[in-house]
Amino acid sequence: MTYFDGIENIQFEGRGSKNPLAFKHYNPSEIIAGKTMEEHLRFAVSYWHTLTGEGTDPFGAQTNIRAWDHFSGLDLAKARVEAAFELITKLNIPYFCFHDRDIAPEGATLQETNKNLDTIVDLIKQNMRTSSVKLLWNTQNMFSNPRFVHGAGTTCNADVYAYSAAQVKKGLEVGKELGAENYVFWGGREGYETLLNTDMKLELDNLAKLYWMAIDYAKEIDFDAQFLIEPKPKEPTKHQYDFDAATTIAFLQNYGLKEHFKLNLEANHATLAGHTFEHELRVARMHGMLGSLDANQGDLLLGWDTDEFPTDLYSTVLAMYEVLQNGGIGKGGVNFDAKVRRASFDPEDLFYAHIAGMDCYSKGLKVAAKLLEDRVLENIIDNRYRSFKEGIGAEIVSGKATLRSLEQYALQNNPIRNESGRHELIKSIVNEYLLSE
Ligand code: XLS
Ligand code: CA
Ligand code: CA
């Protein structure tokens, strides 16, 4: 059965095209900075938003109209697999990502749940064999079911912890079975509501133990995916332990886990943490931990995780600038962890949304590559820090300077002069690149 009749494979038509079902900027085979756009961007569809999402919100029921709506149970899960492969292929997207519970319904017992999962994993495997779609990452949903009310790896209930471990074990086996290139841990309810009833130290120790068990088990079954942790500061809990990139890196370092992980960074989680997306990417890059991108955007006026499709060109330029500076995204990719707005309920909106996001990232890539080629920001930065290249600055950088030598210098160096940071000028230069590329 087909689910998106009337929609053909989406083609690149270029800038002048007015066809809403065509790419204006994403030209997969076009070479930018030595690699094809497809190789740079490694786009992925999020199963949970695009196939499982219904358009509900806390105030209202499903609005999405989907051709698979009349199915239920395992039949619904099977229909969604077929629909997923049709959509991903028509969009010419190379990857997808899922949580275990997105793809198959839970049964009455863990055994039954695993059996449902196996059935759908088999079907996905068949579809992967007959298409070129690959799995960027899978993960486990340890936050929706009421059993996770107090968390999973950080729960106060050892029985829930054991259940979570079993779910991670199965998730790793599924990842191996489907050749996942990465495996994600997002701390769904790994956080707290109040410190008054929380043993934070025990919770964090236990979480680290769960990660160590996952590392050991992946080794045992020969699953060589890149492990990724996805930071988020709040939602659903008031305080999530993996607050942001810096906090997550400190946690990993503290428990000796750093070399086993990279980070999956999401734009909307960055802004929830009070950072820009490029800040999170920069922190990860500085530590050699930039793993993958969850591409979306929040809303300036709303303080929650709205997961909108990325359409802000300025943000994608700066994100792709970090990725290029990183030497690429490696085994990671650009996963659209984004949902159509509740009022965009038609099936074709799924296409318009992905096209918008893919074009926005493609344009971001092109502009970032051009900025780098012309060394626009590099020259500005080199010049801004030039006082550290010679004299007293070079001594500070090389570690030769002491408080005594610096005092001696300061005493005879009068007056001190600063130069303008030229913020507005620099932003207008970036705008010129955006407009002309
Ligand atoms: C939720 C997260 C989640 C992760 C995967 O806010 O973005 O969807 O990406 O568990
Ligand atoms: Ca995400
Ligand atoms: Ca999100």
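The values are calculated or read from the model by the stated rules, or taken from the named source; none is laboratory data. Remember, it's a predicted structure, so these values are computed and weren't measured experimentally. As a convention, Cβ positions derive from the backbone with ideal geometry for all residues, glycine included, and neighbour counts pool all protein chains shown.
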- Message: Let me spell it out: the conditions are (1) within 16 Å of ligand 3 (Cβ to nearest atom); (2) polar (S, T, N, Q); (3) in a helix (DSSP H, G or I), and T247 meets all of them except one. Which number is the exception?
- Response: (1)
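If only one of E259, E278 is under 17 Å from I215 (Cα atoms) and surrounded by fewer than 23 Cβ atoms within 10 Å (Cβ to Cβ), which one is it?
Selected residue: E259, the only one of E259, E278 that is under 17 Å from I215 (Cα atoms) and surrounded by fewer than 23 Cβ atoms within 10 Å (Cβ to Cβ).
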- Task: Might you let me know whether the stretch 32-49 holds any residue that is touching a residue at least 40 places away in the same chain (Cβ under 8 Å), over 19 Å from Y321 (Cβ atoms), away from ligand 2 (no atom under 16 Å from the Cβ) and in contact with a helix residue (DSSP H, G or I) (Cβ under 9 Å, 6 or more places away or on another chain)?
- Result: no
- Task: Collect the residues in the stretch 250-289 that are assigned to a strand (DSSP E or B) and either within 15 Å of ligand 2 (Cβ to nearest atom) or at positive phi (or both), keeping them in residue-number order.
- Result: K262, L263, N264, L265, E266
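Results for (1) within 16 Å of ligand 2 (Cβ to nearest atom); (2) surrounded by fewer than 20 Cβ atoms within 10 Å (Cβ to Cβ); (3) on the phi > 0 side of the Ramachandran plot, shown as yes or no for each residue.
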| site | (1), (2), (3) |
| --- | --- |
| A295 | yes, no, no |
| F309 | yes, no, no |
| Y321 | no, no, no |
| G330 | no, yes, yes |
- Message: Within the stretch 332-340, does at least one residue satisfy the condition of being more than 11 Å from ligand 1 (Cβ to nearest atom), outside any helix (DSSP H, G or I) and over 13 Å from the mean Cα position of the chain (by Cα)?
- Response: yes
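Inspect the stretch 353-372 for any residue being assigned to a helix (DSSP H, G or I) and free of Cβ contacts under 8 Å to residues at least 24 places away in the same chain and give the result as yes or no. Explain how you work it out, then say what you get.
Going residue by residue through the stretch 353-372, those that are assigned to a helix (DSSP H, G or I) are 353-372.
Keeping just the survivors that are free of Cβ contacts under 8 Å to residues at least 24 places away in the same chain gives none.
No, the stretch 353-372 has no match at all.
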- Message: For the stretch 31-70: of the residues being crowded, with 19+ Cβ neighbours inside 10 Å and touching a Pro at 6+ places or on another chain (Cβ under 8 Å), which is farthest from N182 (Cα to Cα)?
- Response: R66
- Message: Yes or no: the stretch 109-120 includes at least one residue that is under 30 Å from Y26 (Cβ atoms), modelled with pLDDT of 95 or more and surrounded by fewer than 23 Cβ atoms within 10 Å (Cβ to Cβ).
- Response: yes
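When you scan the stretch 139-196, how many residues do you find that are part of a helix (DSSP H, G or I) and either in contact with a Ser or Thr (Cβ under 8 Å, 6 or more places away or on another chain) or of a type in the set (V, I, T) (or both)? First the steps, then the outcome.
Going through the stretch 139-196, the residues part of a helix (DSSP H, G or I) turn out to be 146-148, 158-177, 195-196.
The next check asks that each one be either in contact with a Ser or Thr (Cβ under 8 Å, 6 or more places away or on another chain) or of a type in the set (V, I, T) (or both); those that pass are 148, 160-161, 164, 168, 171, 174.
Count: 7.
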- Message: Being modelled with pLDDT of 95 or more, crowded, with 22+ Cβ neighbours inside 10 Å and of a type in the set (D, E, K, R): is that true of E235 here?
- Response: no
